[in-house]
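Chemist: Following this message is one structure expressed as structure tokens.
No lab work stands behind these numbers, since they all come straight from the coordinates. These numbers come from a predicted model, not from an experiment. With ideal geometry, Cβ positions are generated from the backbone for all residues, glycine too; neighbour counts draw on all protein chains shown.
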Amino acid sequence: MPHKKSFYITTPIYYVNDKPHIGHAYTSIACDVLARFKRLDGYHVKFLTGTDEHGQKVEKSAEKAGVSPQEFVDMVSESFRELTHQLNLSNDDFIRTTEPRHIHAAQAVWKKLEESGDIYLGSYSGWYSVRDEAFYAESELTEDRKAPTGAPVEWVEEPSYFFRLSAWGERLLKFYEEHPDFIYPPSRRNEVVSFVKGGLMDLSISRTTFNWGVPVPGDDKHIMYVWLDALVNYLTATGYPDENAEEYKAFWPADVHMVGKDILRFHAVYWPAFLLAAKIAPPKRIFAHGWWTNEGEKISKSLGNVIDPQQLISVYGLDQTRYFLMREVPFGNDGNFSRAAMVQRINSDLANNIGNLTQRTLSLIFKNCEGRIPTPPHAYGADREKLLASIRDLMDRQAFHQVLATIIDIASAANEKIDREAPWALKKDGTEASLAKMRQVLYELADDIRVIALLLQPFVPASAGKILDMLKLGEEARHMPALTTPLPPETVIDKPEGVFPRFLDE
Ligand code: MSP
């Protein structure tokens, strides 16, 4: 078997203190799009998601719910597993940090850091935010003594192990310099570089005042700081610490860790520092996406405006929701959810543009060409190589919105073509020249639809699949390299059925 190129992509692992919301769905869908694209483009893909189950925040939520932490995490983790089905995610694994495989890996990384001399025992006194699971310096706090994120902080004094992060600043800056694609989008890079240039303090990496966590090897009065524990999940899932594990060899270092902008520092500063210290290669890219607001307001539990992905799906449809999230906002920027924008996107892009094009073209072929894709007098589709190259490039930069904009442009141009060439009038005209022209136009439109559906697969897998079914395309013909292979003429099609219904506002 030819050796396939591998591609490893991860979502953050989600805290199980609460149920899934739009932010979780957003990151997961973005990863799913890239994972599906890469699979269709011939890569051997591993797509990982899962849950972050340790730490004080989760322990407190369990207490509040009146159950043991283990019972609590079992229950909430299940709702994140369900989300993977509700969103039609193609993840290959679902990791939980309470699993033995993970505890083993987290302790192995700890031992590596100890061996390299990067850990020492001291005592921490300073500010901690349970909501952010993060330590803050006095100078970072706001005037009303909150974390920069707005989260409450508390004073903590306890014995603690430290990671010598202060010794890693120069090496991190060198690493960023040598890996200009490590932090994406490029605008986020400066933010991280100036944070590191500002000087790094040693990082407290263990806690002693509660015990819901991974025990520190050799000192079980301490549990590991939840972020050190959590970050290791990306390694655990490849079989680490078994460096001969097939998946470790195939997939590490990861290609993309997709994260929200709020957790960029943990992934772009702490994580590569831990890995470099442990002599493990850092991931190739950290992509930080933006945050959603709801009808212009910050989403928060206290405002009661949290968006439940399950509810969006039941009102608007799954593929419609996936499409909206990927199309509405340039990936990397913040975005605003509004009902009006959602309905507008569904109707203008999906129903009126792609949906109408498909329905009109295939109905004309069904009626005017005896249900067969006509043979065009002239070859069509000379620019497909270029198109595929540009889509690959956009995908490699996680510019999902631009891929969708490209698809929409193809659909708009095809709709203009159908109006301009009026194949129904050519049929009516009936001369040999007109009929030949009609065959050419309908073939071109059908092939445009094929290209649109092929490229839409990662974004709206079920709907794109229906269009490709209508064109009677087999599995091979749905892979990305098949973009350059024109639609086989004389294929017999069935009477077409609508794929993207209009959303009728009450
Ligand atoms: N457990 C950590 C991640 C550990 S990874 C080693 C965590 N979990 S989280 O559940 O709080 O957040 C998960 C993701 O949801 C983050 O990437 C965060 O940016 C994202 N979002 C949370 N609210 C969001 C919005 N309103 N909009 C977009 N994404 C948001 O952090």
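Chemist: In the chain, with Lys and Arg counted as +1 and Asp and Glu as -1 at Cβ, which of these residues, Gly296, Ser160, Tyr270, has the Cα nearest the positive end of the dipole, that is, farthest along it?
Modeler: Result: Gly296, furthest along the dipole toward the positive end.
Chemist: Among all the lysines, which ones have a C-alpha under 16 Å from Lys428's C-alpha, if same-chain residues fewer than 8 places away are not counted?
Modeler: Reachable lysines: Lys367, Lys437.
Chemist: Sticking with this structure for a sec: Quick check: the angle from helix 318-327's long axis to the longest principal axis of the chain, C-alpha only, nearest 10 degrees?
Modeler: Compared with the principal axis, the helix lies near 80 degrees.
Chemist: Taking the alpha-carbon centroid of each part, what is the distance from the range 108-153 to the range 370-404 in angstrom?
Modeler: 49
Chemist: How big is the dipole moment of the range 114-248 about its Cα centre under a simple scheme where the beta carbon of each Lys and Arg is +1, that of each Asp and Glu is -1, and everything else is neutral? Debye, nearest 20, please.
Modeler: Computed about the Cα centre, the dipole is about 460 debye.
Chemist: Put +1 on the Cβ of every Lys and Arg and -1 on every Asp and Glu Cβ in the range 415-491; which of Pro481, Trp424, Leu456 then has its Cα farthest towards the positive end of the dipole?
Modeler: Going by the charge dipole, the pick is Trp424.
Chemist: How charged is the neighbourhood of Trp127? Take every other residue with its Cβ under 12 Å from the Cβ of Trp127, and add Lys/Arg as +1 and Asp/Glu as -1.
Modeler: -3
Chemist: Quick check for me: using +1 on Lys/Arg Cβ and -1 on Asp/Glu Cβ, what's the dipole size of the chain about its Cα centre, in debye to the nearest 20?
Modeler: That gives the chain a dipole magnitude of about 1240 debye.
Chemist: With +1 assigned to the C-beta of every Lys and Arg and -1 to the C-beta of every Asp and Glu, and no other charges, what is the dipole magnitude of the range 339-399 about the Cα centre in debye, to the nearest 20?
Modeler: Dipole of the range 339-399, to the nearest 20 debye: 200 debye.
Chemist: Checking the table Lys284/Lys386; Lys4/Lys46; Lys60/Lys301; Lys4/Lys38 against a 22 Å threshold on Cα-Cα, which pairs fail?
Modeler: Details: Lys284/Lys386 26 Å; Lys4/Lys46 12 Å; Lys60/Lys301 17 Å; Lys4/Lys38 11 Å.
Table pairs above 22 Å Cα-Cα are Lys284/Lys386.
Chemist: If you don't mind, there's one more thing I want to ask. Can you give me the angle between helix 186-197 and the longest principal axis of the chain, using Cα atoms only, in degrees from 0 to 90, rounded to the nearest 10?
Modeler: For 186-197 against the chain, the angle is about 10 degrees.
Chemist: Still on this structure, please answer the following. What aspartates and glutamates does Lys472 reach when the alpha-carbon gap must be under 17 Å and sequence neighbours fewer than 8 apart in one chain are set aside?
Modeler: Answer for Lys472, where 17 Å is the Cα cut-off: Glu370, Glu444, Asp447, Asp448, Glu490, Asp494, Glu497, listed by chain and number.
Chemist: Which residue, chosen from Tyr14, Pro253, Cys369, occupies the Cα position most advanced towards the positive end of the dipole of the chain, where the dipole is computed from +1 (Lys, Arg) and -1 (Asp, Glu) charges on Cβ about the Cα centre?
Modeler: Cys369
Chemist: Find, among the trypsin sites (Lys or Arg not before Pro) in the range 1-108, those assigned to loop by DSSP (not H, G, I, E, B) with at most 16 other beta-carbon atoms within 10 angstrom.
Modeler: Lys4, Lys5
Chemist: Specify the angular offset, from 0 to 90 degrees and rounded to the nearest 10, of the alpha carbon long axis of helix 169-178 from the longest principal axis of the alpha carbons in the chain.
Modeler: Helix 169-178 sits roughly 20 degrees off the main axis of the chain.
Chemist: Within 10 Å of each candidate Cβ there may be at most 16 other Cβ atoms; applying that plus a DSSP loop requirement, which trypsin sites (Lys or Arg not before Pro) in the range 205-280 survive? Don't jump to the answer; show the numbers that get you there.
Modeler: Working: sites: Arg207, Lys221, Lys249, Lys261, Arg265, Lys279; in loops: Lys279.
Those that pass, being in a loop and sparsely packed, are Lys279.
Chemist: Points 7 angstrom from Cα along the Cβ direction at Ala65 and Leu173: gap in nanometres?
Modeler: 4.5
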